[in-house]
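Colleague: Right, I'll just put the structure down here and ask away after.
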Amino acid sequence: FEVQIGALPMPDGSGPNVVLFLRDLTAARRLEAMRVDFVANASHELRTPLASLLGFIETLQGPARNDGPARERFLAIMRTQAQRMTRLIDDLLSLSRIELREHVAPTRIVDLGALARQMVDAQAPLAVERGVAIRLEAGEGTYPVLGDPDELLRVVENLIENAVKYGGRTVSVALSRDTDPRRGRQVVLDVRDDGPGISPEHIPRLTERFYRVDVASSRQQGGTGLGLAIVKHSLNRHRGRLSFESVLGAGTSVRVSLPEHPGRDDP
Ligand code: ADP
């Protein structure tokens, strides 16, 4: 607690009263600790590829100066490390932009069905490369929500990409409608995979910045550990909800629900 003592003049002009202010600082301290943690994590994540780049530069200037094949190999690794840093910086910037806008409600009507279709098509090459089949299940009509199309596209992209990267052989992207007793009509997007699943103790932490279930596998997949944090903040802005259901050995299902815009034009 922070304690402050002040004097408050009385409205009737009688002598000042002494007032004691007690302010609960727990939340403020926790926020400050999270900020410090975040800066430390981000610095560490940037430092790792940077250290590797410096090491290769020194080797290329010294022992490997005249070794043609080694040069090619090292340059390829350096390129991967530089790409990793670029992705990390892009994700950090996206996250801070989304946080800045978090309290500004989006105003455009967006068809979540069209976005999902667009993303399923865009992810097809990655899926083919990994031998994963993606299918889209959507009913008739549109799935209108109030949203920022770029941000929602990114949400769908992150979820499909995770399902392809960490999942099994098939990914299904399904759209449906639902009525929630408290939140009213919702548009629901489910991204399901038949991969190894996520054990329950990790689930509540998945949307934390830099949280990964398996750091090595995330790095190998080119992950930054920021994807689901970006998804969560975007959904806050859209009054959306995110939930995970996962069974070890059977697969994971990630659900996004967003308030349906009443201007639906389907039957
Ligand atoms: P990353 O950049 O590492 O993919 P995310 O924030 O998108 O970061 O995801 C956090 C972690 O959650 C991932 O590193 C991975 O361990 C786990 N994860 C996410 N989606 C899935 C999934 N569909 N199946 C299994 N694990 C997943």
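Colleague: Working only within region 76-110, note down all residues that are surrounded by 11 or more Cβ atoms within 10 Å (Cβ to Cβ), in contact (Cβ under 8 Å) with a residue 12 or more places away in the chain and either over 30 Å from Asp150 (Cα atoms) or among the polar types (S, T, N, Q) (or both).
Modeller: Answer for region 76-110, where residues must be surrounded by 11 or more Cβ atoms within 10 Å (Cβ to Cβ), in contact (Cβ under 8 Å) with a residue 12 or more places away in the chain and either over 30 Å from Asp150 (Cα atoms) or among the polar types (S, T, N, Q) (or both): Ile77, Met78, Gln81, Gln83, Ser94.
Colleague: Report, by residue number, each residue of region 127-165 that is open to solvent by less than 20 Å² (accessible area, probe 1.4 Å) and more than 15 Å from the ligand (Cβ to nearest atom).
Modeller: Tyr143, Pro144, Val145, Gly147, Glu151, Leu152, listed by residue number.
Colleague: Any residue that is in a helix (DSSP H, G or I) and in contact (Cβ under 8 Å) with a residue 12 or more places away in the chain - is there at least one of those in region 25-32?
Modeller: no
Colleague: Among what's in region 221-231 and is more than 7 Å from the ligand (Cβ to nearest atom) and crowded, with 20+ Cβ neighbours inside 10 Å, pick the residue that is farthest from Arg87 (Cα to Cα).
Modeller: Among those that are more than 7 Å from the ligand (Cβ to nearest atom) and crowded, with 20+ Cβ neighbours inside 10 Å, it is Val231.
Colleague: Moving on. If only one of Gly113, Gly168 is open to solvent by less than 40 Å² (accessible area, probe 1.4 Å) and not in a helix (DSSP H, G or I), which one is it?
Modeller: Being open to solvent by less than 40 Å² (accessible area, probe 1.4 Å) and not in a helix (DSSP H, G or I) holds for just one of Gly113, Gly168, which is Gly168.
Colleague: Looking at Ser253, Ser218 in this structure, which one is part of a helix (DSSP H, G or I), polar (S, T, N, Q) and within 9 Å of the ligand (Cβ to nearest atom)?
Modeller: Matching residue, one of Ser253, Ser218: Ser218.
Colleague: Inside region 54-69, can you point out the residues that are surrounded by 15 or more Cβ atoms within 10 Å (Cβ to Cβ) and assigned to a helix (DSSP H, G or I)?
Modeller: Phe56, Thr59, Leu60
Colleague: Among all residue pairs at least 6 apart or on different chains, which show Cβ distances below 8 Å where the first residue, located in region 157-169, is farther than 14 Å from Leu189 by Cβ and among the basic types (Lys, Arg) and the second is open to solvent by less than 50 Å² (accessible area, probe 1.4 Å) and more than 9 Å from the ligand (Cβ to nearest atom)?
Modeller: Arg169/Gly131; Arg169/Val132
Colleague: Please verify whether Ser176 is in a strand (DSSP E or B), open to solvent by less than 20 Å² (accessible area, probe 1.4 Å) and more than 7 Å from the ligand (Cβ to nearest atom), treating the condition exactly as stated.
Modeller: no
Colleague: Whether any residue in region 73-83 is within 15 Å of the ligand (Cβ to nearest atom), under 30 Å from Val3 (Cα atoms) and assigned to a helix (DSSP H, G or I) is what I want to check.
Modeller: Taking every residue of region 73-83 in turn, none turns out to be within 15 Å of the ligand (Cβ to nearest atom), under 30 Å from Val3 (Cα atoms) and assigned to a helix (DSSP H, G or I).
Colleague: Another question, if that's okay. Report, by residue number, each residue of region 180-207 that is farther than 23 Å from Met34 by Cα and within 8 Å of the ligand (Cβ to nearest atom).
Modeller: Val191, Asp193, Gly195, Pro196, Gly197, Ile198
Colleague: Let me ask something additional. Within the set of pairs 6 or more residues apart or between chains, which connect a residue that is in contact (Cβ under 8 Å) with a residue 24 or more places away in the chain and over 14 Å from Val191 (Cα atoms) inside region 124-136 to a residue that is open to solvent by 40 Å² or more (accessible area, probe 1.4 Å) and assigned to a helix (DSSP H, G or I) with Cβ atoms less than 8 Å apart?
Modeller: Correct list of pairs: Leu126/Glu161.
Colleague: Do any residues in region 187-212 that are in a strand (DSSP E or B) have Cβ atoms under 8 Å from those of residues that are open to solvent by 50 Å² or more (accessible area, probe 1.4 Å) and within 6 Å of the ligand (Cβ to nearest atom), where the two are at least six apart or on different chains, and which pairs are they?
Modeller: Within 8 Å, the pairs are Asp193/Tyr166.
The values are calculated or read from the model by the stated rules, or taken from the named source; none is laboratory data. The model shown is predicted, which means the values in this text are computed figures rather than measured ones. Every residue, glycine among them, receives a Cβ derived from its backbone with ideal geometry; neighbour counts consider all protein chains shown. Please note that ligands, DNA and RNA were not included when accessible areas were found on the heavy atoms of the full protein model with its side chains. Shrake-Rupley method; radii C 1.70, N 1.55, O 1.52, S 1.80 Å.
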